[in-house]
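**Student:** What follows is a single structure, and I will ask about it in a moment.
The values are calculated or read from the model by the stated rules, or taken from the named source; none is laboratory data. This one's a predicted model, so the numbers in the text were calculated from it and none came from an experiment. Cβ atoms come from the backbone with ideal geometry, glycine included; neighbour counts cover every protein chain shown.
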């Protein structure tokens, strides 16, 4: 069995010009869950496929994911990622743009190593997925300027921005292992639900996470009035008095007082339970889809992963 | 015969979210020579291939080229491109980054429509080319900080940044039309020489172009001490007194006086003739390679293009 961390480490970024490749090696060496390539490997194993057949696509998905983080950090002016300086801080913005572009090309280079009889479809899906992720990112940006974002629009945005990458990782792994189209679709849908649960969990942890295990400051989303699952749910379920107080807090400057005020309102309206219910519902749906698939070690590994994601603290 | 301008116009960018796709349509509607797709079509026709077989790759090359311009303009803080505001000026920097990323993905989407039996090789070459162009861009950036750039390093940089795209357009067109490997290679080399001639011509026009036909201000490269074919040649051939005067002018602030001073030195050292000789040599080599190919209308069209590029005024 291929160890995905080892496979990522064995990619060589000691090439010239250093200004182009060093930031790529730096970005990929920061760790992370390696969730996406792991999903591709697991889906492939579920249908008796060989690790080495899915590896190029698995690596392409991880490199692509890290490319999106690199460019997102430039656009968000984020200074820290996984406990280290972001590329545009450590180097500069132009380096982050150009090295990011090269990372996207590297993802396609890895993808081009997929077996020729599986290449065309894998490439088409990868392109669709990449497009949807850019669309999701743009909707996320657009939502900052809109006050009338509906919860279903928010769900669609996180489906594009987060879910389709997990879904495509699972589907591609199954496809390369010659799974039936029904099974490919079931795994794709499973990835969509896992991604939605994952993102709503992210929103929840920002408010209710344990500061010592969460890894970043609590209340970041509240401070910048980010339209999360919690804020949109609170707005949708607030009575007149709660709506008034919510508007008051949204007009305040960032700080502990604002975080405490909004959290108190969230508690009063009961959005924590709403988010937890949504996470549980999407996780349950993902697990139900897994029941329709072949039952083996890989399926169990996927179940464990789903439960781990639901109960994660960071 | 497919009209490449029409084919580019028929690409649909009226999709949602508008913030992602409008800048792509804007960029592609600005015109330009459409040189790269035209080269792919011409090479394909030279070997009796069908326009529709090479069209996806031809469009992918044009979209890719425009993607590089979009991100280069962000990195260079350029405000005008083809007589219009650049994307990061008309919208903003984040839009230019994200829409540029989507353009790169769109290039791959177009490429994925290449016939399945030609896809793997076309994709591998495209990835190599895209990587080399990013490497060339990085060397270009690195050269700004170096005073010891050799002329051969400069030639290698413009080979990467400019030539490989023309070369790959020609090779890909020939490959899709089932040309022999020798013919594919001859066309690739032909594109390399045309690209070098093209870029040295660019350097020349910046100093000796006709202000009324050139389309931009004369002396832009001189003002920012850009290490062009002319400056590096001047440095290599200057005597002691000329070297001293060159250093004097390079230390001056941008302006008409500096442009006049450097141009006078160029005239004295004779770099115009050196650049013209290099352009003529590379064009001649490209034409010699064309003589080794099948002789037909497409070959003649390529000859005309080479001569037109050599004698262009803008």
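**Student:** For region A:107-121, enumerate the residues that are in contact (Cβ under 8 Å) with a residue 12 or more places away in the chain and more than 7 Å from chain B (Cβ to nearest Cβ).
**Tutor:** A:107, A:110, A:111, A:113, A:114, A:115, A:118, A:121
**Student:** A further question follows. Tell me which residues, restricted to region A:185-229, are farther than 23 Å from residue A:273 by Cβ and crowded, with 23+ Cβ neighbours inside 10 Å.
**Tutor:** Hits for region A:185-229 are A:187, A:188, A:190, A:191.
For every residue, the table says whether it meets (1) under 19 Å from the mean Cα position of the chain (by Cα); (2) modelled with pLDDT of 95 or more; (3) more than 9 Å from chain B (Cβ to nearest Cβ); (4) under 30 Å from residue A:289 (Cα atoms).
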| residue | (1), (2), (3), (4) |
| --- | --- |
| A:46 | no, yes, yes, yes |
| A:56 | no, yes, yes, yes |
| A:65 | yes, yes, yes, yes |
| A:68 | yes, yes, no, yes |
| A:75 | yes, yes, no, no |
| A:80 | yes, no, yes, no |
| A:94 | no, yes, no, no |
| A:105 | no, yes, no, no |
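**Student:** Follow-up question, since we're still on this one. Right, residue A:151: within 25 Å of residue A:28 (Cβ to Cβ) and touching a residue at least 24 places away in the same chain (Cβ under 8 Å) or not?
**Tutor:** It is false that residue A:151 is within 25 Å of residue A:28 (Cβ to Cβ) and touching a residue at least 24 places away in the same chain (Cβ under 8 Å).
**Student:** Could you please let me know if residue A:275 is part of a helix (DSSP H, G or I) and within 24 Å of residue A:237 (Cα to Cα)? Reasoning before the result, please.
**Tutor:** Details: part of a helix (DSSP H, G or I): yes; within 24 Å of residue A:237 (Cα to Cα): yes.
Criteria met by residue A:275.
**Student:** In region A:137-144, is there at least one residue being closer than 29 Å to residue A:74 by Cα, more than 9 Å from every other protein chain (Cβ to nearest Cβ) and touching a residue at least 40 places away in the same chain (Cβ under 8 Å)?
**Tutor:** Looking for residues that are closer than 29 Å to residue A:74 by Cα, more than 9 Å from every other protein chain (Cβ to nearest Cβ) and touching a residue at least 40 places away in the same chain (Cβ under 8 Å), one finds at least one in region A:137-144, hence yes.
**Student:** May I pose another question? So, restricting to helices (runs of 4 or more DSSP H) that lie completely within region B:225-272, which ones have at least 2 residues that are under 16 Å from residue B:154 (Cα atoms)?
**Tutor:** In region B:225-272, B:229-237 are the helices (runs of 4 or more DSSP H) which contain 2 or more residues that are under 16 Å from residue B:154 (Cα atoms).
**Student:** Exactly one condition in (1) over 25 Å from residue B:18 (Cβ atoms); (2) surrounded by fewer than 22 Cβ atoms within 10 Å (Cβ to Cβ) is false for residue B:89; which is it?
**Tutor:** It is condition (1) that residue B:89 fails.
**Student:** Do we find a residue being touching a strand residue (DSSP E or B) at 6+ places or on another chain (Cβ under 9 Å) and surrounded by 19 or more Cβ atoms within 10 Å (Cβ to Cβ) anywhere in region B:35-45?
**Tutor:** As a first pass, look at region B:35-45 and keep what is touching a strand residue (DSSP E or B) at 6+ places or on another chain (Cβ under 9 Å): none.
For region B:35-45, residues touching a strand residue (DSSP E or B) at 6+ places or on another chain (Cβ under 9 Å) and surrounded by 19 or more Cβ atoms within 10 Å (Cβ to Cβ): absent.
**Student:** Still on this structure: Would region B:68-78 turn up any residue that is closer than 29 Å to residue B:116 by Cβ and out of contact with any strand residue (DSSP E or B) (no Cβ under 9 Å at 6 or more places or on another chain)?
**Tutor:** yes
**Student:** For region B:122-129, does any single residue satisfy the condition of being within 30 Å of residue B:262 (Cβ to Cβ), crowded, with 17+ Cβ neighbours inside 10 Å and without any contact (Cβ under 8 Å) to a residue 24 or more places away in the chain?
**Tutor:** No: zero hits.
**Student:** Can you find, within region B:15-34, the residue that is farthest from the chain's Cα centre (by Cα) among those that are under 24 Å from residue B:92 (Cβ atoms), more than 14 Å from chain A (Cβ to nearest Cβ) and free of Cβ contacts under 8 Å to residues at least 40 places away in the same chain?
**Tutor:** B:25
**Student:** Scan region B:70-86 for residues that are within 16 Å of residue B:216 (Cα to Cα), crowded, with 19+ Cβ neighbours inside 10 Å and touching a residue at least 60 places away in the same chain (Cβ under 8 Å) and report the count.
**Tutor:** Adding up the residues that qualify gives 0.
**Student:** Let me ask another. Taking residue A:137, is it surrounded by 22 or more Cβ atoms within 10 Å (Cβ to Cβ) and either within 27 Å of residue B:14 (Cβ to Cβ) or in the same structural domain as residue A:58 (by TED's automatic domain parsing) (or both)?
**Tutor:** When the stated conditions are applied, residue A:137 passes them.
**Student:** What about residue B:189, is it in the same structural domain as residue B:271 (by TED's automatic domain parsing) and assigned to a helix (DSSP H, G or I)?
**Tutor:** For residue B:189, the condition - in the same structural domain as residue B:271 (by TED's automatic domain parsing) and assigned to a helix (DSSP H, G or I) - is met.
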